[in-house]
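Down below is the structure, laid out as structure tokens.
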Amino acid sequence: MRPFVVAAVISAALPWVVSCAADDATFVPLDPCERRVADAADAIEPDDQVALMDEAIFLCDDLTGIVTAVAEHPGLLGVDTVTFLGRRCARTEQAAVATSPVCTDPLVRAATTGPADDGEGPVGYLGLALDDTEVLIVPDADTPFIDGRPQAISAIVDLAVIEGCAALLTERDRWSARVGDDDVGQEASVYARHANDLATYLGCG
């Protein structure tokens, strides 16, 4: 376990020494990462929940660990886990959190891309197509957005985390095959490029 340098986390850990003695240990997660996520799920105030999730980000050894822990508490974040982590890691003022293995994971860094403005009003997602051209994708009935980016982008990231390289490459190829479609060609090219970039990050063949 890495040395714990976040003061708030140290102080927050103390009550658990008492609670473990008083409660049935079978109901208390032993892993610090899982325990902090469980604390966040039980928190009532949003500020407390965010602070506890920051602690969980620091304590979790890797991205898979925190994704798995969050999956035990459906509805905790309101968005997919990687999207939340990308946003939170970019905004935290705690250096220990920002430089943690979770925040420095390539998939989390790839999820930090924010919304873009085309200069004329519409706000959307500015992505790169396979031919390196910039494409502005705006939300509409056929292109739902989650937390400032197309749902398809979040789905690609989740797929990479949960199912790994084979599923990610299949998704890349599926979008690549739609690049020639008149209705979705440019968007498909952006999604294929995003999946390909993630595959490169992960070292997928």
Inset, instruction - Output the qualifying pairs, or none if there are none: Cβ atoms under 8 angstrom, residues six or more apart or on different chains, first residue in the stretch 187-205 and farther than 17 Å from GLU163 by Cβ, second residue assigned to a helix (DSSP H, G or I) and modelled with pLDDT under 90. - result: GLU187/ALA152; ASP197/ALA110
Legend entry - So LEU77, is it in contact with a helix residue (DSSP H, G or I) (Cβ under 7 Å, 6 or more places away or on another chain), closer than 20 Å to ALA155 by Cα, modelled with pLDDT of 85 or more and of a type in the set (A, V, I, L, M): no
Legend entry - helices (runs of 4 or more DSSP H) wholly inside the stretch 134-205 that include at least 3 residues being of a type in the set (Val, Ile, Thr): 151-163
Inset, instruction - Would you point out the residue of the stretch 87-133, among those that are assigned to a loop (DSSP other than H, G, I, E, B) and of a type in the set (Val, Ile, Thr), that is modelled with the highest pLDDT? - result: VAL102
Legend entry - Residue, nearest to the chain's Cα centre (by Cα), within the stretch 5-56, restricted to residues that are of a type outside the set (Asp, Glu), modelled with pLDDT of 75 or more and loosely packed, with under 10 Cβ neighbours inside 10 Å: PRO46
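The values are calculated or read from the model by the stated rules, or taken from the named source; none is laboratory data. Please read these numbers as outputs of a predicted model, since none were measured by experiment. Don't worry about glycine lacking a Cβ; one is built from the backbone with ideal geometry, like all the others, and counts go over all protein chains shown.
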